[in-house]
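Read the structure below first, then the notes.
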């Protein structure tokens, strides 16, 4: 049976390859991301159940993050923005989200964990769990919901 850290590492590598392929004009990358995200979510829950005390990790390169965000935003076009459900601000105004922002944040958190896995034992789990709980878990949930909506509309493949 594959261990949660191994499963997470494998899924993280697959996700990173897909996001990098998006900027290389891979045709069905978004549908593959939509299929992968629920598996990634499940692997994180399994990892957390084994290592609930993990935390920490370095910050990503903000210039590289912005470059990837721009690439993904261009590839997604009109599919990028979505309304956040159940998240009103002020006098009932709705907020919007960006799938490019979600996918970029997830990418850099996973890359950070993969880097830590090479340099520290258990380091990847530490970075993935801390970041997931503090920040990118919301991006993952928002991306999963928006991709499900795009799939229902037949808009995953461009």
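Here, each number is a calculation from the coordinates, and none is a lab measurement. A quick note: this is a predicted structure, and the numbers were derived from the prediction, not measured. Cβ coordinates were reconstructed from backbone atoms using ideal geometry, including for glycine residues, and neighbour counts include every protein chain displayed.
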- Message: Using the basic label-point model (7 angstrom from Cα toward the beta carbon), what is the residue 153 to residue 28 distance in nanometres?
- Response: 2.2 nm
- Item | Distance between modelled label sites at residue 36 and residue 17, nm, 7 Å Cα→Cβ extension | 0.8 nm
- Item | residue 61-residue 95 pseudo-label distance in nm [points 7 Å out on the Cα-to-Cβ vector] | 3.0 nm
- Theoretical gain in end-to-end length, residue 46 to residue 3 [0.36 nm per residue, Cα-Cα removed]: 14.6 nm
